[in-house]
Amino acid sequence: MPPEEAYAGRLRPVWLLGHGLTSEELALIELRASGRLAAQRKLGPSDPVLLGARAVLRLEPDIGPISCFSPLQDRELPLDAAELGAGGVLLRPSHGRMEIERDGQRTVVSAREAIFLAGGAPARLWLRHVDRVDCLVLSNERITENMLECSASLRVFAQNNDTLVLLGNYGAALMRGLLPMSGPVLLQHACAYMGDLVDILCGEAESQAPHTVQDRAATRLNAIKSDIEAHLDDQGLNASQIALRHGISTRYLQKLFEGEGETFSEFVLQRRLDRAMRRLQSPDERKRSISEIAFDVGFGDLSYFNRTFRRRFDTSPRLVRAKHRSVPAGSARSEAPDAGSA
C-alpha cells in the first residue's frame, strides 16, 4: 500500500526478476512489457514473492495489484495473508486451475475465475498448469465483514462476473501505465476504489444466480484449453486423452469446441502454429533450426508443418525466420499480448 508521506513521483509498473530465469522466460517478459515504461530489477531477499513466482510485475509505490509469472507448480504452497503484511488477497489464475484447501474445505478455481482469502487459518494451494496468477493484496483496514464471510466459505467468483471484470480492467489499466496516477490523494483513491469493488464482489456473491449450463460449459472449455496449452509439445496429444483427464466423453469435448465454430484438432493446430510463429520471431531462438522448433511445439512431420504454416500465415517459416534474424529484441515487443493484472 502507498506510504503515508507524500509521494512526489508517478505510479509506474516494475518487473522484479528472479534468479535462474531461462532465456525463453526473459524473452517472454520482454515481449509482455510491450513498450510500456516498466523498470526492471532483480528480486531481493526483502521482496515478498507470492506463490514462489520467478518473475513479478507490480506497481511502485505498491498499491495492491501484482501479477505473478511462472509460479511453482504441482506442490503445496502455504498462503497466510498475515505473513504478507496484508489483510487479504484476491487470486485469479490466467490459465489452468488452482486447488485451495483450508479449515477442512477444498475448492477449485479455474482459469479467469477468482477467490478472495482473508483471516482464518493459512490456506494451502496447488497450481496445475498455471503460468500466471493475478493478485490484489488488501491491507487490514480495508477488510470488511463481506470479505471475511466470503473467505470463510471459499466462494469462487465466475469469470464473467461484472464486478470482477470491472476490477480486472481497472487493475490492468494501472499495470499498463494507462491511467495518470501521482500524488497521495489519487493513490489513496485508487486503493479505496479497488477495495470497494472487492467488497461489492464479496457482498453480491450470495445473491449471484447459479451458473447457467452455458457458464459451466464455458468454464470447462477454458480448463480444457489450458490443459491443451500445457501439453502442446506432446505429439501424441489427442481428444480422447484430454476428455479422459477431464472426466467427459470425447463426443462432449468435440461439442464444446463446435460451440465456438471449430474442432478440437483445429484448435490444437492453430495454437501450435501460433507458438511456432512466436518462436521463429524470437531473437533467443535464432540457434534453433526450423525443424527443431516445429517438433518442439508438437509437430511430428516437417512437410505438414510447412504446409499448414503457409496456409495460416500466407508465408513460409523460412521467410519469417529470415525477416526476424536482424530485428533487435525490442522491436518485436508490439507483436506480443500485454501482461494481465488483478
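The values are calculated or read from the model by the stated rules, or taken from the named source; none is laboratory data. Since the structure is predicted, the reported quantities are computational estimates derived from the model, not experimental observations. Every residue, glycine among them, receives a Cβ derived from its backbone with ideal geometry; neighbour counts consider all protein chains shown. The accessibility values were calculated without ligands, DNA or RNA, using every heavy atom of the protein model including side chains. Shrake-Rupley method; radii C 1.70, N 1.55, O 1.52, S 1.80 Å.
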Can you name the residue in the range 225-252 that is among the basic types (Lys, Arg) and closer than 17 Å to Ser110 by Cβ and, of all such residues, is farthest from the chain's Cα centre (by Cα)?
Arg245
Kindly indicate which of Leu43, Leu21 is open to solvent by 20 Å² or more (accessible area, probe 1.4 Å), modelled with pLDDT under 85, in contact with a strand residue (DSSP E or B) (Cβ under 6 Å, 6 or more places away or on another chain) and over 23 Å from Tyr170 (Cα atoms).
Leu43
Working only within the range 84-95, note down all residues that are of a type in the set (Gly, Ala, Ser) and either open to solvent by 30 Å² or more (accessible area, probe 1.4 Å) or under 19 Å from the mean Cα position of the chain (by Cα) (or both).
Gly85, Ser94
For the range 256-286, what are the residues that are open to solvent by 60 Å² or more (accessible area, probe 1.4 Å) and either more than 21 Å from the chain's Cα centre (by Cα) or modelled with pLDDT of 95 or more (or both)?
Glu258, Gly259, Glu260, Gly261, Ser265, Glu266, Asp284, Arg286
Select from the range 242-255 the residues that are surrounded by 15 or more Cβ atoms within 10 Å (Cβ to Cβ) and of a type in the set (A, V, I, L, M, F, W, C) and list them in ascending order.
Ile242, Ala243, Ile248, Leu253
Those residues of the range 156-181 which are closer than 19 Å to Arg220 by Cβ and not aliphatic (A, V, I, L, M), in sequence order:
Phe157, Gln159, Asn160, Asn161
Among the residues in the range 224-241, are any buried (at least 16 other Cβ atoms within 10 Å of the Cβ), touching a Ser or Thr at 6+ places or on another chain (Cβ under 6 Å) and touching a residue at least 40 places away in the same chain (Cβ under 8 Å)?
no
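For the range 256-271, check the following and say yes or no: at least one residue is among the basic types (Lys, Arg), in a helix (DSSP H, G or I) and closer than 30 Å to Thr219 by Cβ.
Checked against the condition, which is being among the basic types (Lys, Arg), in a helix (DSSP H, G or I) and closer than 30 Å to Thr219 by Cβ, the range 256-271 yields at least one hit.
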